[in-house]
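K.L.:
So that we are looking at the same thing, I have put the structure below in structure tokens.
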Amino acid sequence: MAMQELDQAKAEQFADRMVGVLNEGSIALMTSIGHRTGLFDAMAGLPPSTSEQIASAADLNERYVREWLGAMVVGKIVEHDPENGTYRLPREHAAFLTRAASPDNIAAFAQYIPLLGSVEDGIVESFRNGGGVPYSAFPRFHEVMAEDSGQTVLPALKDHILPLAPGLPGRLEKGIDVLDVGCGSGRAMNLLARTFPNSRFVGYDLSEEAIARARAEAEEHGTTTNARFEVKDAATLDEGVRYDLITTFDAVHDQADPAAVLEGIANALKDDGVYLMQDIAGSSHHHNNLDHPIGPFLYTVSTMHCMTVSLAQGGAGLGAMWGEEKAKEMLKQAGFKEVKVEQLPHDFQNYYYIATKG
Ligand SMILES: C[S@@+](CC[C@H](N)C(=O)[O-])C[C@H]1O[C@@H](n2cnc3c(N)ncnc32)[C@H](O)[C@@H]1O
């Protein structure tokens, strides 16, 4: 049987695209370096400058800075004047690459690319033999996650996220009991504890490192009086008190036993309480995510982190893209009668599920 002819135009177009993938993937890695070394921050404050001046402003080795500038120039992120040997970061680019640009600092998210790449061997091994890569294999996970929440959750929490549940800001003003499950570095609870001093906040996380970070921030922010943090497995919530508000921020889909966690949350909630679940925006079906603005990024984060950390514990491995359909089904199974799904204009990465027991 004759081999089917290749559609040459389609093949060439695809080859071009794959070369683009190599280049853009490389830029992602260098963008992470620009963020971690403070190079973008330093360049944003400088006039057109030489590599020596930039290295000196960022307190870095000039040879490395010059090579990085090469990638930034040919990647069209930094502008170069060959006559003067100077480099400049345009203000329009700095608006998405610097700490001052937060919450729009995309360079902070670029850190996920090398972070995930660092566990590639273990992921390849898991493709062959099943199982997964545990949380402990991701050395900078909690640090990067805290930066992520610092951009996606904190700035929007009081004025945009909480009001999604009618009456919630008023109840927090008066004083209620709040639990955050899978609280990570505790940034949301510490911010709320400072904003609503009449309410009481508890954060649970499985990670000792995350809880240590949360407690340190509580000390620093003076929120130890109404915020406490404990190392605790969310799958075995056995609360003496019941809560008015329970939150999870990006913390259900990577659980080993998400069904048990959701059931525990429903049981720990007062009858008139609210469960606010922020989780990844998307559909449970691949074909519905074709136009997702960061679909490839999210399936990658899922494969290389969210799904694998769950499978490493013999867990469900739902993955970050478990999707709205599956999330609603599981919330109903856990005992939530009313589930409203909202999305905020600032955040195309997440849905906000407002669940009540009805
Ligand atoms: C993606 S992170 C989100 C952290 C935090 N909510 C935030 O937005 O920054 C998920 C968190 O869930 C925690 N976690 C995973 N399984 C857990 C379990 N069984 N019990 C408690 N926490 C768990 C992880 O340690 C991690 O901090």
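The values are calculated or read from the model by the stated rules, or taken from the named source; none is laboratory data. Just so you know, these numbers come straight off a predicted model, no measurement behind them. Here the Cβ positions follow ideal geometry from the backbone for every residue, glycine too, while neighbour counts run over all protein chains shown.
K.L.:
Out of Val252, Val241, I need the residue that is surrounded by fewer than 24 Cβ atoms within 10 Å (Cβ to Cβ) and touching an Asp or Glu at 6+ places or on another chain (Cβ under 7 Å). Which one? So that I can check it myself, show each step before the final result.
P.N.:
Details: Val252 fails: surrounded by fewer than 24 Cβ atoms within 10 Å (Cβ to Cβ).
Result of the check over Val252, Val241: Val241.
K.L.:
What are the pairs, 6+ residues apart or on separate chains, where a residue within the range 116-130 that is on the phi > 0 side of the Ramachandran plot has its Cβ under 8 Å from a residue that is part of a helix (DSSP H, G or I) and not basic (Lys, Arg)?
P.N.:
Gly130/Leu311
K.L.:
Buried (at least 20 other Cβ atoms within 10 Å of the Cβ), in a strand (DSSP E or B) and either under 16 Å from the mean Cα position of the chain (by Cα) or among the hydrophobic types (A, V, I, L, M, F, W, C) (or both): does that describe Leu162? Let's see the steps before the verdict.
P.N.:
On the way: buried (at least 20 other Cβ atoms within 10 Å of the Cβ): yes; in a strand (DSSP E or B): no; either under 16 Å from the mean Cα position of the chain (by Cα) or among the hydrophobic types (A, V, I, L, M, F, W, C) (or both): yes.
No: the conditions fail for Leu162.
K.L.:
State yes or no: is Thr224 modelled with pLDDT under 95, surrounded by fewer than 16 Cβ atoms within 10 Å (Cβ to Cβ) and among the hydroxyl-bearing types (Ser, Thr, Tyr)? Break it down stepwise before answering.
P.N.:
Working: modelled with pLDDT under 95: no; surrounded by fewer than 16 Cβ atoms within 10 Å (Cβ to Cβ): yes; among the hydroxyl-bearing types (Ser, Thr, Tyr): yes.
So Thr224 does not fit the description; no.
K.L.:
Shifting gears a bit: Just to be sure I understand, how many residues within the range 276-292 are over 15 Å from Glu329 (Cβ atoms), out of contact with any Ser or Thr (no Cβ under 7 Å at 6 or more places or on another chain) and more than 10 Å from the ligand (Cβ to nearest atom)?
P.N.:
Number satisfying all stated conditions: 7.
K.L.:
Among the residues of the range 149-159, how many are closer than 18 Å to Leu276 by Cβ, surrounded by fewer than 20 Cβ atoms within 10 Å (Cβ to Cβ) and near the ligand (Cβ under 10 Å from one of its atoms)?
P.N.:
Qualifying residue count, the range 149-159: 1.
K.L.:
Oh, and also: Does Ala256 satisfy being near the ligand (Cβ under 9 Å from one of its atoms), of a type in the set (A, V, I, L, M, F, W, C) and outside any helix (DSSP H, G or I)? Even if it seems obvious, please write down each step before you answer.
P.N.:
Numbers: near the ligand (Cβ under 9 Å from one of its atoms): yes; of a type in the set (A, V, I, L, M, F, W, C): yes; outside any helix (DSSP H, G or I): yes.
Yes, satisfied.
K.L.:
With the checklist (1) under 18 Å from Cys183 (Cβ atoms); (2) touching an Asp or Glu at 6+ places or on another chain (Cβ under 7 Å) in hand, flag the one item Gly264 doesn't pass.
P.N.:
Checking Gly264 against (1) under 18 Å from Cys183 (Cβ atoms); (2) touching an Asp or Glu at 6+ places or on another chain (Cβ under 7 Å), the one that fails is (2).
K.L.:
Farther than 30 Å from Thr247 by Cα and either in contact with a Leu (Cβ under 6 Å, 6 or more places away or on another chain) or within 14 Å of the ligand (Cβ to nearest atom) (or both), is that true of Tyr64?
P.N.:
On the way: farther than 30 Å from Thr247 by Cα: yes; either in contact with a Leu (Cβ under 6 Å, 6 or more places away or on another chain) or within 14 Å of the ligand (Cβ to nearest atom) (or both): no.
Here the answer is no, as Tyr64 does not meet what is asked.
K.L.:
Go through the residues of the range 223-236 one by one and say whether even a single one is in a helix (DSSP H, G or I), within 19 Å of Asp257 (Cα to Cα), out of contact with any Cys (no Cβ under 8 Å at 6 or more places or on another chain) and of a type outside the set (A, V, I, L, M, F, W, C). Please lay out each step first, then the result.
P.N.:
Quick first cut of the range 223-236, residues in a helix (DSSP H, G or I) only: 234-236.
With within 19 Å of Asp257 (Cα to Cα) added as a condition, the list becomes 234-236.
From the residues that got through so far, the ones that are out of contact with any Cys (no Cβ under 8 Å at 6 or more places or on another chain) too are 234-236.
Retained after the next criterion (residues that are of a type outside the set (A, V, I, L, M, F, W, C)): 236.
Scanning the range 223-236 turns up at least one residue that is in a helix (DSSP H, G or I), within 19 Å of Asp257 (Cα to Cα), out of contact with any Cys (no Cβ under 8 Å at 6 or more places or on another chain) and of a type outside the set (A, V, I, L, M, F, W, C).
K.L.:
For the range 306-320, how many residues meet the condition of being surrounded by fewer than 23 Cβ atoms within 10 Å (Cβ to Cβ), more than 12 Å from the ligand (Cβ to nearest atom) and part of a helix (DSSP H, G or I)?
P.N.:
So the count comes out to 1.
K.L.:
Is there a residue in the range 330-352 that is more than 30 Å from Gly167 (Cα to Cα), surrounded by 21 or more Cβ atoms within 10 Å (Cβ to Cβ), under 18 Å from the mean Cα position of the chain (by Cα) and touching a residue at least 40 places away in the same chain (Cβ under 8 Å)?
P.N.:
As a first pass, look at the range 330-352 and keep what is more than 30 Å from Gly167 (Cα to Cα): none.
No, the range 330-352 contains no residue that is more than 30 Å from Gly167 (Cα to Cα), surrounded by 21 or more Cβ atoms within 10 Å (Cβ to Cβ), under 18 Å from the mean Cα position of the chain (by Cα) and touching a residue at least 40 places away in the same chain (Cβ under 8 Å).
K.L.:
Being near the ligand (Cβ under 10 Å from one of its atoms) and closer than 15 Å to Tyr275 by Cβ is the filter here, so list the residues in the range 172-226 that pass it.
P.N.:
Selection gives Asp180, Val181, Gly182, Cys183, Ala188, Tyr204.
Conditions (1) away from the ligand (no atom under 12 Å from the Cβ); (2) in a helix (DSSP H, G or I); (3) more than 30 Å from Val124 (Cα to Cα), marked per residue:
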| site | (1), (2), (3) |
| --- | --- |
| Val252 | no, no, no |
| Tyr299 | yes, yes, no |
| Met304 | yes, yes, no |
| Trp322 | yes, yes, no |
| Glu329 | yes, yes, yes |
| Leu344 | yes, no, yes |
